[in-house]
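Trainee: Here you go, one structure.
The values are calculated or read from the model by the stated rules, or taken from the named source; none is laboratory data. Note that the structure is a prediction, hence the values are computed from the model and not measured. Glycine also receives a Cβ, built like all others from the backbone with ideal geometry; neighbour counts cover every protein chain displayed.
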Amino acid sequence: MDKQIWALDKFWIIWVSCLDRARTINEIQKIWNYDGNALYQKGLKEPIWKEMMKGGFLQSKGKAKFRGVYGDLLYGNFDWTLDFMKNLFSEIKLHQENPIPFNLLECLENKKKFVYFLDTNREIFYLPSRLKILFGNKDNLKNNCELSITAPMLTLYNQIIINALKKKIQIEADTIFLFSQSLIFTPYTRINFFGYYKEVLKDLSIKEIPEGIVNETKLFKLWKEYAHKILKALNL
């Protein structure tokens with residue numbers, strides 16, 4: 001199989017950095033502290049940003065001047081992300097014997113509606129300041145690129161779970177803290193999902209999450225299934 005453009009690390013730097021608004025390559029380099037013209041470098045055959053435009057990952061919003069240099073204003077598209085996630089998580093399930101990412105993706109009742117939700121709430125999930133909290137630096141972004149899609153998805157899941165528990169089981173505030181455990185006790189020490197999640201919550205209300213994106217029944221069933229596996233391992 002031919003190498004895909006998203007296998008290039010600079011693809012992700014460019015793409016996530018022009019999701020909240022259109023930016024030039026020069027602006028993006030400034031955000032992530034690149035020296036020289038690293039993001040103008042060749043992709044598969046041409047400069048990577050041009051290949052991303054031809055592939056439909058980016059669109060041009062005209063031209064702008066940044067630090068004395070004119071460049072295309074690039075704006076990221078979301079249409080391709082569903083196929084990317086499905087292929088990636090299928091491969092992880094098959095070759096790494098880890099079905100959880102694929103199963104979590106399948107909890108999206110309406111995947112196109114989820115992508116539309118991201119598209120219409122770009123400033124909530126993709127402000128560069130929030131991405132820098134999540135990833136810390138460009139190397140962590142490149143090495144954990146799928147989080148640029150799954151972090152917003154898991155944020156929605158957490159909000160829906162907590163809201164459902166409060167409404168249906170009427171769990172009190174002094175108990176709800178138990179459900180933050182996975183955000184705090186995590187092996188991903190180079191990724192700050194907790195900090196990102198807190199920032200997103202400043203703008204994300206449960207009332208703003210449209211119904212029909214997530215299958216709550218499937219989500220809770222999945223959670224229960226893996227919780228039972230842990231309890232079994234603990235002989236509880």
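Trainee: I'd like the full set of residues that are surrounded by fewer than 19 Cβ atoms within 10 Å (Cβ to Cβ), over 11 Å from the mean Cα position of the chain (by Cα) and not small (Gly, Ala, Ser), limited to segment 134-156.
Mentor: Listed by number, the residues that qualify are Asn137, Asp139, Asn140, Lys142, Asn143.
Trainee: What pairs come out if I take residues in segment 186-214 that are assigned by TED's automatic domain parsing to the domain that holds Lys132 and under 23 Å from Lys166 (Cβ atoms) and pair them with residues that are of a type in the set (S, T, N, Q) and outside any helix (DSSP H, G or I) whose C-beta lies under 6 Å away, six or more apart or interchain?
Mentor: Once the first residue is assigned by TED's automatic domain parsing to the domain that holds Lys132 and under 23 Å from Lys166 (Cβ atoms) and sits in segment 186-214, its partners that are of a type in the set (S, T, N, Q) and outside any helix (DSSP H, G or I) give Gly212/Asn110; Ile213/Asn110.
Trainee: Let me ask something else. Sort out which residues of segment 209-236 are among the charged types (D, E, K, R) and either surrounded by fewer than 12 Cβ atoms within 10 Å (Cβ to Cβ) or assigned to a loop (DSSP other than H, G, I, E, B) (or both), and write them in order of number.
Mentor: Answer for segment 209-236, where residues must be among the charged types (D, E, K, R) and either surrounded by fewer than 12 Cβ atoms within 10 Å (Cβ to Cβ) or assigned to a loop (DSSP other than H, G, I, E, B) (or both): Glu211, Lys224, Glu225, Lys229, Lys232.
Trainee: State all residues of segment 146-183 that are at pLDDT 75 or above, hydroxyl-bearing (Ser, Thr, Tyr) and out of contact with any Phe, Trp or Tyr (no Cβ under 6 Å at 6 or more places or on another chain); if no residue qualifies, say none.
Mentor: Passing the criteria: Ser148, Thr150, Tyr157, Ser180, Ser182.
Trainee: Separate question: Within segment 16-70, track down each residue that is loosely packed, with under 15 Cβ neighbours inside 10 Å, assigned to a strand (DSSP E or B) and of a type in the set (A, V, I, L, M).
Mentor: Val69, the sole residue that qualifies.
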